[in-house]
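The next block holds one structure in the form of structure tokens; read it before the comments.
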Amino acid sequence: MAERRAARWVLRACVVFSGVLVGMLAVWVASDPVVNLTTDWTAFDNAADRIVSGETIYRPYDSDAEPLPYLYPPTALWLSLPLAVVGFGPSWVLSAVFVAAAWVLGLRSLRGAQPSGTDDFGSMPVTIAAVSGLGVSATLIGQYSGLWVWAIGFACVSFARGRQGRAGIALALLTLKPNLGIAIPIVLIWSRSWRALGGFVGGAVALVLSSAVFGRHQWQGFADNVEMMADLQAEGIVPFDKMVTIQGVLQERTGWGTTDVGFVLLWGAFALLSGLVVLAAWRPERLARDPLRAFGVLAVFVVVANLRLYFYDGALAIAGGLALASSPTVRTGTYARRLLWPLLAVLWVASWGGIWLSLNTVLAVGGALLLLVVGADLIGATGPSEPGNASPENRPTGTDRPISSAPLGAVSTHNNGPTSRSEHKENPLT
């Protein structure tokens, strides 16, 4: 009872804090909407206008001609295209509604993967995550971060229900921002999730083929833009204080370049260590037992171990934190039961890095520590409760625990009760 009462006070504090900041942002935007709303979404709006008018979409960046360049691959042009049919103001509204809806539905989907009877705080964690600074920032500037969260949430609950194929198709959406999707085929192969891998590859190929509508030459323009941005980063022009990666932390604090030996050794050691945590959570029997833990560490890893990721995509780390907080396996871990909630609080506060840039460093470090804590519990797990230590014939399967039967994107509030093994089909994850 005391724990639930404390959770309610935390919820109220987060909502009030977020409300005050959002109110301040609204006043600032209203002071000069045209100038203050000229953020990332304008690059998508300009790309949509060029598609319709037949102009070149990818062009050398000229800060005097346009606020920001369009940097997404041609496969993502489908997301920009609807903006061509509305004006400047409605275009921003459409972008904001899309991002916010995907963000909230993605967070709610993660709760749908939780075993029935283990939801101690109802919808409170979802609400707290939804009002975090990264959700507000991504919505305000129209970035697609909400879509990445939806893809992770939908895939997680699909895995929990044994529907690997559509989980893989959802994960293919991460290839719209290629540096987010690099780790996906690796974990799917490692976990022997062949149907999910097929869905992922099929979805990615379908996206590439569909981009032919915009012209195959668009891929050359995209490659030129990537090369341009790589040159800018090598020159140190890209602001590291806007990044939520360990790479950004190291380069901002040390002044090292990406080719310096010290940076390569430190970042390489962190990427290797955190990657091993992800692989440990994605072992087939562990994935079957607890997909929330697997997707949680994957979402956090994709953010903090990336080479270049701006603050708005740190929304994936918040989603990963929600998944880990929803996982009964994680919450009962030796180290996580003491450190999980403090680290999640750090991530939530750091999610306001879009307003106070110094917090982006805190989010990267907090996410890295969260991975290490979960990894320590994975390494130290002993006994039959951890599926990795059970004998093959006694290992629990992904369907040995009742899963919420609520629709994807919704949260179940009822308990389905225990279910016998005989009532289930063969587990597709093992």
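What follows draws every value from the coordinates through simple rules; no lab data is involved. Just so we're clear, the structure is a prediction, and the values are computed from it rather than from any experiment. All Cβ positions, even for glycine, are placed from backbone atoms using ideal geometry, and neighbour counts span all protein chains on display.
Could you state the orientation-averaged shadow area of the convex hull built on the Cα atoms of the range 2-380, in nm² to one decimal? It would help to have the intermediate numbers written out before the result.
Numbers: hull surface 73.7 nm².
Over all viewing directions, the range 2-380 projects a mean Cα-hull area of 18.4 nm².
Over every pair of different alpha-carbon atoms in the range 156-269, take the mean of 1/r and invert it; report that Kirkwood radius in Å. List each step's numbers first, then the result.
Numbers: mean 1/r = 0.0599 Å⁻¹.
When all Cα pairs of the range 156-269 are included, the Kirkwood radius is 16.7 Å.
Hey, what D do you get for the range 153-219 in µm²/s if you plug the Kirkwood alpha-carbon radius into Stokes-Einstein at 37 °C and 0.692 mPa s?
So the translational diffusion coefficient is about 270 µm²/s.
Take the range 3-135, drop everything but the C-alpha atoms, weight them equally and run the Debye formula without solvent; then report log10 I(q)/I(0) at 0.10, 0.15, 0.20 Å⁻¹ to two decimals.
So the normalised log intensities are -0.49, -0.88, -1.18.
Can you give me the distance in nm between label points at VAL35 and VAL93, each placed 7 Å from the Cα along the Cα-to-Cβ direction?
The two pseudo-label positions are separated by 2.4 nm.
Work through the residues other than LEU147 whose Cβ is under 13 Å from its Cβ and net out their charges, Lys, Arg +1 and Asp, Glu -1. Walk me through the numbers on the way to the answer.
Details: positive: LYS177; negative: ASP313.
Residues close to LEU147 contribute a combined charge of 0.
What FRET efficiency would be calculated for the residue pair ALA230, TRP28, taking the C-beta separation as r and a Förster radius of 51 Å, to the nearest 0.05? Numbers along the way, then the final one.
On the way: r = 33 Å, r/R0 = 0.65.
Rounded to the nearest 0.05, the efficiency is 0.95.
So what J values fall out for the range 338-349 if you push phi through Karplus, 6.51 cos²θ - 1.76 cosθ + 1.60 with θ = phi - 60°, rounded to Hz, Gly and Pro as x?
Computed from phi, the couplings for the range 338-349 are 9, 10, 4, 5, x, 5, 5, 5, 4, 4, 5, 4 Hz.
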